[in-house]
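Everything on this sheet refers to the single structure shown next.
The values are calculated or read from the model by the stated rules, or taken from the named source; none is laboratory data. Since the structure is predicted, the reported quantities are computational estimates derived from the model, not experimental observations. Quick reminder, even Gly has a Cβ in these numbers, built from the backbone with ideal geometry, and neighbours come from all protein chains shown. Please note that ligands, DNA and RNA were not included when accessible areas were found on the heavy atoms of the full protein model with its side chains. Shrake-Rupley method; radii C 1.70, N 1.55, O 1.52, S 1.80 Å.
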Amino acid sequence: MPILARPLLLTGALLLATPAAATMFNADRVEPSGHWHSLRLSLGEARLFRATNTLDQPGTAFSVDFAPPHCQPQAELRVEMHEFVATPETRQGSASLRIDDLPPFAAPTDLRRDPGDSGAYALFTLDEPYRLLHELRSGEVLSLSLGDDDPWELDFVLDGAGPALDRAARLCRRAGDADA
């Protein structure tokens with residue numbers, strides 16, 4: 001079965017999981033903003049700040065994470081698979097992200113499943129992450145397409161993305177300043 005074979009039901013853990021270590025983080029400072037929300041994720045000393053849309057696709061979240069000290073944006077997609085894997089699964093893929101009718105972003109993508117995690121992840125490598133942030137803030141719909149032969153297509157409403165992204169980035173910068 002392909003890593004991202006099908007979307008399934010959303011669980012509370014969706015907001016808390018990160019692909020970096022397939023570890024559950026604690027969530028706080030959650031603030032809704034339209035179809036999006038922003039929050040802080042922490043586990044011990046590790047912290048990251050997230051703007052995410054979990055409303056538009058059942059069992060799926062499109063997120064942008066910011067981690068101190070550099071707070072550079074990292075876009076990802078998480079799909080709840082409701083099954084755990086015993087061994088890591090990783091493969092390379094491709095994706096296209098388009099905001100409204102603007103030119104798309106072609107993004108090489110790492111597709112991952114990690115032991116102890118019921119999610120599948122797509123981590124997007126973007127040449128212009130700040131252009132994506134600008135377009136997410138000002139656009140209406142993010143259309144995401146994964147795969148080449150038989151692409152999996154998803155749409156995410158961007159209502160509230162601007163304030164959620166701004167807040168997550170601001171919280172990250174403040175955390176980075178406090179660490180300095």
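Using the basic label-point model (7 angstrom from Cα toward the beta carbon), what is the S138 to Q92 distance in nanometres?
Taking the two extended label points, one gets 3.3 nm.
Relative to the present Cα-Cα distance, how much length would full extension add between S145 and H70 at 0.36 nm per residue of separation?
On the way: separation 75, 0.36 × 75 = 27.00 nm, distance 2.84 nm.
The S145-H70 span can extend by a further 24.2 nm.
In whole percent, and with a 1.4 Å probe on the protein chains, what portion of the accessible area of the chain is carbon and sulfur? Don't skip to the end; give the middle numbers.
On the way: 4520 of 8690 Å².
Whole-percent figure for carbon plus sulfur exposure: 52.
Would you tell me the accessible area of R131, worked out with a 1.4 angstrom probe on the heavy atoms of the protein chains, in Å² to the nearest 10?
Rounded to the nearest 10, that gives 70 Å².
If Rh is defined by the Kirkwood formula over all Cα pairs and Rg also comes from Cα, what ratio Rg/Rh do you get for the range 17-90?
That ratio is 0.96, to two decimals.
Could you please put H82, H70, H35 in sequence from largest to smallest accessible area, using a 1.4 Å probe?
The most accessible residue leads, giving H70, H82, H35.
Just need the relative contact order of the range 32-173 here, percent rounded to a whole number, with Cα pairs under 8 Å and 6+ apart. Working shown, then result.
Numbers: 337 pairs, mean separation 40.7, N = 142.
For the range 32-173, the relative contact order is 29 percent.
Compactness ratio of the chain: Cα Rg over 2.2 N^0.38 Å, N = residue count?
Rounded to two decimals, the normalised Rg is 0.96.
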